[in-house]
Each structure stands twice: as C-alpha cells, then as structure tokens.
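The structure appears right after this line, and notes come after that.
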Amino acid sequence: IDHVFLMKRDPIIAIDGPAGSGKSTVTKLIAKKLNFIFLDTGAMYRALSWYLLKEKINYENHEELNSFLSDISITFQSFTGSNQNVIINDHNVTEKIRTQKISSIVSSIASIREIREFLVKEQRKIGEAGGIVAEGRDIGSKVFPNAELKIFLTATIDERAKRRKNELEAMGQGTIDFKKLKKNIEQRDFDDYNRKISPLVKAEDAIEIISDGYQINEVVEKILEIYYETIPKELQL
Ligand code: CDP
C-alpha cells in the first residue's frame, strides 16, 4: 500500500540484452498485453546512423555532430501496434534501418557520447509518465535505473544468429549468409559489451532469462508472471 504514495508514475519494464535475443518481439507482445507504450531504443540508434550516412555527416567532428543533432526529431507512429513506423525528420526509415549496412555501423555510432546523451534524453521524455516497456542495451542500467522490472534476455550466439537469419529472410532481404551474419552479430556484441559509455550490461537487479529452446510466447508468459508477482496489484495497469 505504501507504494501507492511513493509512485509518481506508472510502472516501467526494462528489457536489455544482446542482438537477436528476441527482445523486440517479446517487448512488443508485452506492450500489447499490458497496453503499455513500446519503445525500441535500438531503432533510434539505427535511424540516427541511417541519417548520418545519408547526410554524409562527419560525426567525429563534435561541432558538426552537435549542429546535426540540434535539428533531429525521431518519432514512432503507433506506439502500441505491432508494426510501428520509425520516422526521422520526415523520413520513414522503418525498413531502411534493418539492412546489414546499418547493422554493421550502428555500434560504432552508438559509442559516441553526444549521440547517447541525445537519445537517452529523448527516451526519458517518452517514458516520463511510465506505462512503458523499453528494450535496448542500457535501459535498466542507465535510461530507467528505477524501472520496477528489469529483464536481461539472452540466448546462445548460434540461436540468435539463426533467429535473425529467419527474421531478415521473412522481411524479404533474400537469402542471408549465416556465417557472415553470425560474425556481424558477434562483432556488434563485442563492441556493445566493451564500449566505455553505457556498455551492454546486466543491471544488478535484473532477472536473466536465457531463451534457448523456448517459444516466444513462453518467454512472454514468464515475464508477465514475474511482472504480476513484482508490481503491487493496485499499481498494475
Ligand atoms: O535488434 P538488434 O538486437 O539487432 O539491435 P538493436 O536493438 O536494433 O540495436 C542496434 C544497436 O544499437 C546495438 O547493437 C547497439 O550498438 C545500439 N544500441 C545501444 O547502444 N543502446 C541501446 N539502448 C539500444 C541499441
């Protein structure tokens, strides 16, 4: 009961983990089930990467980068729907940000301090009122350290590469070279785990779920079960 007086906002669920662990699918389903906002922070890093390339911005140059960032707006069309559009300054980049080209540069762009500070601020604005399930690399550790529920979702590299191959092929990206894709994911994992600012890390109070051998809906059920156990009933939306 005391929680009611302490809580200034609706609950926040943070889901972090490496590439291809199933975060996006799981997060979308949980958002739908709880009627929460769904926030794919990776899509924001991908959208910025796409736009930096398109505009040929020299992002190593701090002044050039800052002036670029001061003009950026990233929005999502339909926060709760399962097919959410990602818009950056009037460009609908929903599909363009899923290419191997973007996947291979996004981690290095995500390691830049100005970029992270900009996006974390945007993410906190979106999550201000709570009632949100956000997925990424630093949600529980940095963006929403006070999240009521933190999940660290992983799977073995082979399982993750297999899932991503199926996903990309289902999107219509042609036959994907498994070895190349696996290497790309391993490189991205390495970069994400080892960067100086907000590396991918399991927050101390996060619950780890290893999803090998589990169906998506089993993982969703597990997380919802933990949610209902963790969040006082009167605060559940
Ligand atoms: O969907 P996938 O697991 O391939 O990755 P993503 O969630 O779309 O994120 C793409 C990249 O953005 C990651 O590899 C990270 O380098 C970066 N990222 C980040 O640094 N912090 C976040 N909160 C989310 C993504």
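The values are calculated or read from the model by the stated rules, or taken from the named source; none is laboratory data. Remember, predicted model here, so these are calculated numbers, not experimental data. Counting neighbours? That spans all protein chains shown, and the Cβs are built from the backbone with ideal geometry, glycine included. We work out accessible area using only protein heavy atoms, side chains counted, and drop any ligands, DNA or RNA first. Shrake-Rupley method; radii C 1.70, N 1.55, O 1.52, S 1.80 Å.
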Is there a residue in region 189-196 that is crowded, with 17+ Cβ neighbours inside 10 Å and assigned to a loop (DSSP other than H, G, I, E, B)?
yes
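Rundown of residues vs (1) assigned to a strand (DSSP E or B); (2) more than 24 Å from G174 (Cβ to Cβ), yes/no style:
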| site | (1), (2) |
| --- | --- |
| S67 | no, yes |
| D71 | no, yes |
| N83 | no, no |
| I87 | yes, yes |
| K101 | no, no |
| V106 | no, no |
Residue under question is G136, and the condition is that it be open to solvent by less than 10 Å² (accessible area, probe 1.4 Å), of a type in the set (G, A, S) and either without any contact (Cβ under 8 Å) to a residue 60 or more places away in the chain or closer than 19 Å to I15 by Cβ (or both); does it hold?
yes
Among the residues that make up region 46-69, is at least one of them over 21 Å from D191 (Cβ atoms) and within 13 Å of the ligand (Cβ to nearest atom)?
no
For region 35-45, which residues satisfy the criterion of being open to solvent by 10 Å² or more (accessible area, probe 1.4 Å) and either at pLDDT below 95 or away from the ligand (no atom under 14 Å from the Cβ) (or both)?
N35, I37
In this structure, is K8 part of a loop (DSSP other than H, G, I, E, B), more than 10 Å from the ligand (Cβ to nearest atom) and either closer than 23 Å to E208 by Cα or open to solvent by 20 Å² or more (accessible area, probe 1.4 Å) (or both)?
yes
Residue under evaluation A203, criteria (1) over 17 Å from the mean Cα position of the chain (by Cα); (2) open to solvent by less than 40 Å² (accessible area, probe 1.4 Å), criterion not met
(1)
Please determine, by comparing only the residues of region 104-129 that are open to solvent by less than 10 Å² (accessible area, probe 1.4 Å) and either in contact with a strand residue (DSSP E or B) (Cβ under 9 Å, 6 or more places away or on another chain) or modelled with pLDDT under 95 (or both), which one is farthest from the ligand (Cβ to nearest atom).
G127
For region 149-169, name all the residues that are in a loop (DSSP other than H, G, I, E, B) and either modelled with pLDDT under 95 or buried (at least 22 other Cβ atoms within 10 Å of the Cβ) (or both).
A155
Checking K202, K183 in turn, the sole residue that is within 20 Å of D40 (Cα to Cα) and basic (K, R) turns out to be K202
Do the conditions hold for I30, that is, is it in a loop (DSSP other than H, G, I, E, B), modelled with pLDDT of 95 or more and either open to solvent by less than 20 Å² (accessible area, probe 1.4 Å) or away from the ligand (no atom under 13 Å from the Cβ) (or both)?
no
Which residue out of N58, N85 is open to solvent by 20 Å² or more (accessible area, probe 1.4 Å), within 22 Å of E128 (Cα to Cα), of a type outside the set (D, E) and without any contact (Cβ under 8 Å) to a residue 12 or more places away in the chain?
N85
